[in-house]
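Read the structure below first, then the notes.
The values are calculated or read from the model by the stated rules, or taken from the named source; none is laboratory data. Not measured: the values here are computed from a predicted model. Here the Cβ positions follow ideal geometry from the backbone for every residue, glycine too, while neighbour counts run over all protein chains shown.
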Amino acid sequence: MNILVTGGAGFIGSHTVVELVSAGHKPIILDDFSNSNKSVLLGLKNIIGHDVDFIEGNCNDEDTLRKVFKTFKIDGVIHFAAAKAVGESVKKPLKYYELNVGSLIKLIKVMAEFKVTKLVFSSSCTVYGEPDFVPITESTPRKPANSPYGNTKTMGEDILRDTVLAGGNAQFISLRYFNPIGAHESAEIGELPSGVPSNLVPYITQTAIGARESLTLFGDDYDTPDGTNIRDFIHVVDLAKAHLAALEYLNTVPSNFYDVFNIGTGKGYSVMELIKTFESVNDLKLNYKIGPRRTGDTVKIYGDVKKANDVLKWKTEKSLEEALADAWKWEQKLAKK
Ligand code: UD1
């Protein structure tokens, strides 16, 4: 299949491009490099052995989207392109609503014009808010989002659901990601945040390499065994493979279809456990200090992934140790560039 990958130069998008190629599909990247770097294309070429088709552009623009669908015969779409900084979204809500919600609406409209029915959407476990119990299942009602960013994911899911409910040919899946970390084992691609990272693992690797003085752990007084937050950290390559499984599943469903899947490991690790694992796997000491809580952080969340295991026939294969070793290998490789 020819698969349009919006945001294909980003962290999850680039790893998904690799998995698409290795499964025999042809990815076409649409990216405006607003939070990624053109060097990703070289990394992809080094892994895949040839250039990947790509169009530089913003998918919040119908004409750009039409150009892509006219240039390539698209069989399905994976929509990653979005802004994702929780803190920034609180300060600039309109940017997030305009970009994340606007691009999804335009994409669905243009897909319909070109009679493309299959779409896999990047949603997030943030739609669950602070769960009442863990592991959390897909049937658990969502809670009001705790940031405009999170709300764009809830709204995105609703837009997909309502479009399918309205009838017609639309086969949509939302994947609710837990916390993706790690990098490709080749260290050719990985997480490349611009500016100061807001996510945990890039902050850890940048601290370990000396680019940041120390990591601040946001709170150790939560109601968890060691007082730090608990998350479901999933290797980005495992997450990438879930998109392939979702696309393949869409080949088997009715012409009017919508569903949601949790994509995580099913296990929770605390932030402190992650730091300790990073230190032991990579045989180093991390400079970190305990700071105040970060506003809006969920205390404890990890996913029940049985539905994805059973229906998508997908499961994770990589461990937290592998993810943290790969993340460190990638940071070291970046430092040599
Ligand atoms: C958040 C969003 C998630 C979104 C992701 C994208 C929520 C609840 N979750 O994930 O939906 O997809 O961002 O960016 O809004 N931490 C530190 N020090 C740091 C950085 C992080 O201690 O310097 C801690 C945080 O307090 C948190 C954990 O590490 O407990 C993970 O943080 P992060 O990587 O930012 O991801 P989430 O907040 O879980």
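Remarks
- Flag for E279 being touching a residue at least 24 places away in the same chain (Cβ under 8 Å), of a type in the set (D, E, K, R) and surrounded by fewer than 18 Cβ atoms within 10 Å (Cβ to Cβ): no
- Residue match in region 126-142 (condition: free of Cβ contacts under 8 Å to residues at least 24 places away in the same chain and in contact with a helix residue (DSSP H, G or I) (Cβ under 6 Å, 6 or more places away or on another chain)): yes
- If you go through region 288-300 and pick out every residue that is under 19 Å from P135 (Cα atoms) and in contact with a Ser or Thr (Cβ under 9 Å, 6 or more places away or on another chain), you end up with 3.
- Taking region 68-84 as the range and being assigned to a helix (DSSP H, G or I) and surrounded by fewer than 15 Cβ atoms within 10 Å (Cβ to Cβ) as the test, the residues that pass are K70, T71.
- Residue count, region 20-43 (criterion: in contact with a Pro (Cβ under 9 Å, 6 or more places away or on another chain) and in contact (Cβ under 8 Å) with a residue 60 or more places away in the chain): 2
- Filtered residues of region 47-67 (kept if farther than 17 Å from T16 by Cβ, assigned to a helix (DSSP H, G or I) and in contact with a helix residue (DSSP H, G or I) (Cβ under 7 Å, 6 or more places away or on another chain)): E62, L65, R66
- Tally of residues being surrounded by 15 or more Cβ atoms within 10 Å (Cβ to Cβ) and either outside any loop (DSSP other than H, G, I, E, B) or not hydrophobic (A, V, I, L, M, F, W, C) (or both) across region 106-122: 11
- Looking only at residues in region 85-105 that are within 16 Å of the ligand (Cβ to nearest atom) and within 25 Å of L20 (Cβ to Cβ), the one that is surrounded by the fewest Cβ atoms within 10 Å (Cβ to Cβ) is L99.
Listed here are the residues, each with its yes/no results for (1) more than 19 Å from the chain's Cα centre (by Cα); (2) in a helix (DSSP H, G or I).
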site	(1), (2)
Y258	yes, no
F278	yes, yes
L286	yes, no
I290	yes, no
D297	no, no
A323	no, yes
A335	yes, yes
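- Leading residue by the ranking (surrounded by the most Cβ atoms within 10 Å (Cβ to Cβ)) among those in region 206-242 that are over 20 Å from the mean Cα position of the chain (by Cα), assigned to a helix (DSSP H, G or I) and more than 12 Å from the ligand (Cβ to nearest atom): A208
- From G43, G87, residue being at pLDDT below 95 and assigned to a helix (DSSP H, G or I): G87
- In region 84-97, the residues that are farther than 20 Å from G7 by Cα and touching a residue at least 24 places away in the same chain (Cβ under 8 Å) form Cβ pairs under 7 Å with partners that are surrounded by 19 or more Cβ atoms within 10 Å (Cβ to Cβ) and of a type in the set (S, T, N, Q), at six or more places apart or across chains, as follows: V90/S147.
- Residues within region 187-205 that are near the ligand (Cβ under 9 Å from one of its atoms), of a type in the set (S, T, Y) and part of a loop (DSSP other than H, G, I, E, B), tallied: 1
- Scanning region 123-177 for residues that are aliphatic (A, V, I, L, M) and either part of a strand (DSSP E or B) or near the ligand (Cβ under 10 Å from one of its atoms) (or both) yields V127, I136, A145, A170, I173, L175.
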